[in-house]
Amino acid sequence: MAEMEVADKGGKKGPGVKKGKKLSTRVDLTPMVDLGFLLITFFMLTTTLNKPKTMEINMPYKDEQEKIEDETKIKESTALTVLLSKKHRIYYYEGMATDPEMPPDVKITGFKPEKGIRDVIIKKMKDVEDLKRKGALNEKDKTTVLIKPDTNSTYEDLVNILDEMAINDVRVYAIVDITDVDREFILATEQAAGE
């Protein structure tokens, strides 16, 4: 046991001052050693937990850039475009509507339990799997959902559609800015529905 003794040096000396008994002060340093080891252990543990973690990224070679761009292009047959609009309405169409000569067949749904957007996503995923089995698509092709929120849609709708992506295990989706053409599709669909 480690200890430290400190002797009393005494007080005033002079006539009439009684000399008292010298007492020694004893300090036990054993708990300080334990505390030192605990602190060393704590700091060693926290510094090993604090090591920076990095993510490994494989960058493509420049000669393969064209091949990669071809692989990353979205095919019309795998795409589903979802337009979020006011009053929690969802307008959707299959494909990306890249051909101005042929406007898409825009339909309206919502976040209903039956015949809602979940059923639309499940059907699209099934259609893509059927095309893969028939050989019209590669095994690497996946269902791609393009989410386009309008300025009058709510954050709740965006969160709900992202939840649908997670629930239905849609691996490839993107939040894209809505275009004026898409707004025209919404307006034409509303007019056709008599709203």
Quiz item: With θ set to phi - 60° and the Karplus curve 6.51 cos²θ - 1.76 cosθ + 1.60, what are the ³J(HN,Hα) couplings of region 131-144 in order, to the nearest whole Hz, using x for Gly and Pro?
Solution: 5, 5, 5, 6, x, 6, 10, 7, 5, 6, 6, 10, 4, 10
Quiz prompt | Kirkwood Rh (inverse of mean 1/r, distinct Cα pairs), region 75-193, angstrom | solution = 14.6 Å
Quiz prompt | Integer Hz, Karplus 6.51/-1.76/1.60 couplings in order for region 158-172, x for Gly and Pro | solution = 5, 5, 5, 6, 5, 5, 5, 4, 5, 5, 8, 6, 7, 7, 10
Quiz prompt | Order of PHE185, PHE37 - criterion: other Cβ atoms within 10 Å of each residue's Cβ, fewest first | solution = PHE37, PHE185
Practice problem: Within 10 Å of each residue's Cβ, count the other Cβ atoms and sort ARG89, ARG171 from fewest upward. | Solution: ARG171, ARG89
Quiz item: Which order results if SER24, SER153, SER85, SER77 are arranged by neighbouring Cβ count within 10 Å, fewest first?
Solution: SER24, SER77, SER153, SER85
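None of the figures in this text is laboratory data; all of them are computed from the coordinates on show. This is a predicted model, so every value here is computed, not measured. FYI the Cβ positions are ideal-geometry reconstructions off the backbone, even for glycines, and counts take in every protein chain you see.
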